[in-house]
Amino acid sequence: METRTAVITAEQMHAQDGYCQKVREYWTAQNAVPTAYVETYGCQQNEADSEILRGLLERCGYTICGGPEGADVVIFNTCAIREHAEQRVFGNLGALSHTKRRHPEQKIFLCGCMAGQTHVAERVKKSYPYVDVCFNPHHLWQLPEYLHRVLTKKGRIFATEEVPGVIAEGLPQKRQGRVKAWVSIMYGCNNFCSYCIVPYVRGRERSRRPEAVIEECRGLIAAGYKDITLLGQNVNSYGKDLGLGVDFADLLAQIAQIPGEFTLRFMTSHPKDASFKLFDTMAKYPNIAHQFHLPVQSGSDRILKAMNRCYDRAQYLSLIEYGRKVMPDIVFTSDIIVGFPGETEEDFAATLELCEAVRYDALFTFIYSPRRGTPAASLPDPTPRAEKNARFDRLLEVQNRISEQRHRDYIGKTVRVLADGADGDMLTGRTDGGRLVRFPGDPALIGQFVPVTITGHTTWSLTGDYAPSKEVRHG
Ligand code: 5AD
Ligand code: SF4
């Protein structure tokens, strides 16, 4: 496994700009304006990468379109975290054989985490002959070069070999909205949780330099973005590889002090690296959202050990306790895996108990999915699928009850909401704590922080009325 980080040089980036120019010339010579479609699977990191892919495509002269039919380029930016995600990609990739038959010049690219696995590349080579390019996340910045190659030469490209994890600054981004923005602060993961494929496909942790991150945030705020989410697989280990003495809490504090009206969020945090200092920093700066996604994965110490999570239940609970002490209105959410190999009824009961103790606002729950090459995939797993499904349903039932109670507590309160879109004749937005709110209002409010008095709720969202004259509560 490769551990070095490669910083892509200005010359290398310049060479890619040259390919953008050549691709534009290629299409100009044909008197055509090419179109491109990017489909994203999986997490926010992939969403952020897709914004870069679209930015690079635009730089190459492509117009972004809304579907694969008739597009000159189709890119699937894939996820490998669970088998289900991979099956969806293979299913949808199958359908592309038809779009390509109707438009034989269409170029099909597969990238993202799935493309970082050798067995996937082999399968694509053999069974999906119409896929032109397959590249792993380390090669994202080379899209213009690959585009140029498939347009001008015969042959397929498989850039799926392991290379040092890269940091490429200055890539263009076509952001999806004008209100909320993702900012990647680091890439990769060093944790090797025993079930997880991410460290194998995204490489070792590498942090962007603080000044590059701060500059990007400054630019976003100047451009009017109001909600910035800092992204990384484990943001709490930000900076460890840089040796500059700047940790994640320091970075957060520096961004929070940029002048302007905006909210700052981050994800994801690993409990073993989340510090009291981080909670103190959140409490200190009013523009850092009191929202914390802190995946626990299991409530059983035995399973946490088998998962290689490096914390126990008591340590986890002490973080929750401290967070609530310094920010009583903090919104905690979490990820939980049900049915990890060897999980007993007793282990599962410990997870249920933990959820009852913490009372998360929301949970993301998953049934364990074996990933080839991870240590957990070779553990004995005697629990039948039906039993895992039943546990999953029980967990959901507990959490739905808690989420509903938590949402009910909002009724009658006036909260600050950033209006970020419209859904039919309702506006949608998020509270500082990240809870979804729907309320009737003028679309001119989109992009503004507005007070909303909560009048109703479902398990997943709140409803309310725009209340311009009311004082607000954070949360
Ligand atoms: N099976 C099921 N869930 C998984 N996750 C990661 N790997 C697996 C797997 N093999 C879940 C974890 C992680 C979230 C992003 O996905 O809960 O926090
Ligand atoms: Fe996967 Fe664990 Fe890294 Fe998260 S911290 S990406 S679960 S290995």
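The values are calculated or read from the model by the stated rules, or taken from the named source; none is laboratory data. Not measured: the values here are computed from a predicted model. Here Cβ is always computed from backbone atoms with ideal geometry, including for glycine, and neighbour counts include all displayed protein chains. The accessibility values were calculated without ligands, DNA or RNA, using every heavy atom of the protein model including side chains. Shrake-Rupley method; radii C 1.70, N 1.55, O 1.52, S 1.80 Å.
Put the Cα centre of the range 205-275 next to the Cα centre of the range 398-423 and the gap is 27 Å. Relative contact order of the chain: 11 percent, from C-alpha pairs under 8 Å at least 6 residues apart in sequence.
When the listed pairs Lys180/Lys305; Lys180/Lys284; Lys180/Lys325; Lys284/Lys470; Lys284/Lys305 are checked against a 32 Å cut-off, the alpha-carbon distance exceeds it for Lys180/Lys305; Lys284/Lys305. Each peptide in 90-97, 198-205 receives the mean, over its residues, of other Cβ atoms within 10 Å, and ordering these scores from highest gives 198-205, 90-97. Based on every Cα atom in the range 227-302, Rg and the maximum pairwise Cα distance Dmax equal 13.0, 47 Å.
What FRET efficiency comes out for the pair Asp465/Ala377, r = Cβ-Cβ distance, R0 = 60 Å, nearest 0.05? The computed FRET efficiency comes out at 0.75.
Taking 20 Å as the cut-off, the amide N atoms of the range 320-334 that come nearer than this to a point 7 Å along the Cα-to-beta-carbon line of Asp280 belong to 320-330. Compute the helix-to-body angle for 10-29: its Cα long axis versus the longest principal axis of the chain, expressed 0 to 90° and rounded to tens. Its long axis makes an angle of about 60 degrees.
In this simple spin-label model, placing a label point 7 Å from the Cα along the Cα-to-Cβ direction at both Thr458 and Ala386 gives a separation of 3.2 nm. Note on exposure: Thr5, Thr459, Thr374 ranked by accessible area (1.4 Å probe, complete protein assembly) read Thr5, Thr459, Thr374, with the most exposed listed first.
From the alpha carbon centroid of the range 21-42 to that of the range 163-202 is 24 Å. Scoring 163-171, 8-16 by mean Cβ neighbours within 10 Å over their residues and listing the highest first yields 163-171, 8-16.
Judged by the mean number of other Cβ atoms found within 10 Å, the most tightly packed of the peptides 383-391, 322-330, 44-52 leads the ranking 44-52, 322-330, 383-391.
Note on Val7 and Ala32: their simple-model spin labels are 4.1 nm apart, each label 7 Å out from Cα toward Cβ. Taken along the Cα-to-beta-carbon direction at a fixed 7 Å, the label points for Asp312 and His119 span 3.5 nm. Per residue, the Cα convex hull of the chain amounts to 157 Å³. Using the Cβ-Cβ distance between Lys305 and Glu346 with R0 set to 22 Å, the FRET efficiency from 1/(1 + (r/R0)^6) comes to roughly 0.90.
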